[in-house]
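All of the numbers you see were taken from the coordinates with simple rules; none came from a lab. Note that this is a predicted model, so its numbers are computed, not measured. Note that each Cβ is placed from the backbone with ideal geometry, even for glycine, and that neighbours are counted across all protein chains shown.
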Amino acid sequence: MRLNSPLFLGILPIFILLSNFARGDALNSLPPKTVPTTTQITNSSNIFQNEIYEINSYSQLNQNLSEDVRFCLFSDPDNPDVYQLLQIDQLSTPLPCWNPTLPVKILIHGFLTNISSRFPENVKNAYLKKQKDHGHAKLYNIVVVDWSKLAGDWIGDYLSSINHVVPVGKTIGLFITRLLSNHKIGSYSQIHVIGHSLGAHVSGAAGGYVIEHGGKIGRISGLDPAGPLFYVKAGISQGRQLRNDDAKFVDVHHCNMGMLGTSDSVGTVQWYLNELPISREIQIQPQCETLILLDIECSHAYCPKFWALSILERRTGVTADGRMAVFGEDMNVT
């Protein structure tokens with residue numbers, strides 16, 4: 001089911017109203033309308049806290065869950081749809097297409113999507129194209145997480161998908177810890193997790209798992225983290241929002257805040273891209289203005305689009321104090 005289907009458009013306002021009703025004082029943390037077009041705000045605070053559930057070993061995972069979270073390694077720029085399936089319990093075996101000294105890009109899709117959706121496919125293909133443009137030099141290990149069997153088939157699956165955020169994130173966190181213990185990486189600093197929408201919150205749960213086990217991944221990039229029901233501080237027993245301490249650096253990019261994306265400040269750094277606010281709480285991308293009633297996902301899908309562009313060409317924006325800064329893939333994370 002597409003996010004712009006009539007059924008989704010009919011039910012979405014209910015989620016937004018529930019979220020807006022529950023978040024209360026969180027609205028006071030929103031940026032004023034005078035914030036520059038593309039804004040970087042540092043030292044943001046957490047608003048949402050919730051319980052983290054423990055998974056100590058692969059055997060503790062629900063068997064169906066372990067089968068439904070797949071790790072797909074893409075390594076051939078000339079065949080961008082070909083991948084090798086990685087198994088958590090087989091990471092001790094040699095991986096010919098894996099370079100343990102290179103950065104690891106882990107892409108996590110969101111609700112109602114899969115590995116063939118615009119995200120992560122456009123971002124994965126951009127990383128592969130960059131390698132092709134550099135004479136087929138291997139620059140990254142690119143892993144796309146497929147949790148589509150748990151990410152919903154229709155809008156009515158949204159609550160169950162939220163409840164899968166923590167266990168799916170923990171499974172990814174376990175995968176990351178096994179990369180280190182099996183010498184597939186030399187340090188957690190090599191790990192860069194990029195999640196869109198609900199996948200951004202899954203990224204946070206993955207980072208939290210690594211922290212519980214004595215490490216901290218280098219970077220999480222949240223692309224328009226999901227908003228509906230993620231302002232609610234009670235009633236979602238396994239709800240878990242991305243947090244600014246889930247990695248050494250957490251950059252969050254807002255494209256549709258107050259609608260499909262959150263307006264909470266959940267990162268070390270916040271970027272508000274090309275905002276065209278129709279109110280203090282809602283952000284619409286300029287090119288989506290005339291489509292607001294026809295294609296509600298237009299603005300929400302903009303973040304992966306801009307991220308893919310930033311991989312191939314460095315992008316700059318204006319900070320709150322008027323300075324120019326690089327954002328996206330190549331932003332300064334130190």
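General remarks:
- Burial ranking of peptide ranges 175-188, 128-141 (average Cβ count within 10 Å, highest at the top): 175-188, 128-141
- Distance between the C-alpha centres of region 169-201 and region 304-334: 23 Å, rounded to the whole angstrom.
- The residues neighbouring Arg315, those whose beta-carbon lies less than 11 Å from its own, together hold a net charge of -2 under the Lys/Arg +1, Asp/Glu -1 convention.
- Neighbour counts of C-beta atoms inside 10 Å place Arg315, Arg219, Arg240 in the sequence Arg315, Arg219, Arg240, starting with the fewest.
- Among Lys105, Lys248, the ranking by other beta carbons within 10 Å of each residue's beta carbon, starting with the fewest, stands as Lys248, Lys105.
- Ranked Cys298, Cys303, criterion: other C-beta atoms within 10 Å, fewest first: Cys298, Cys303
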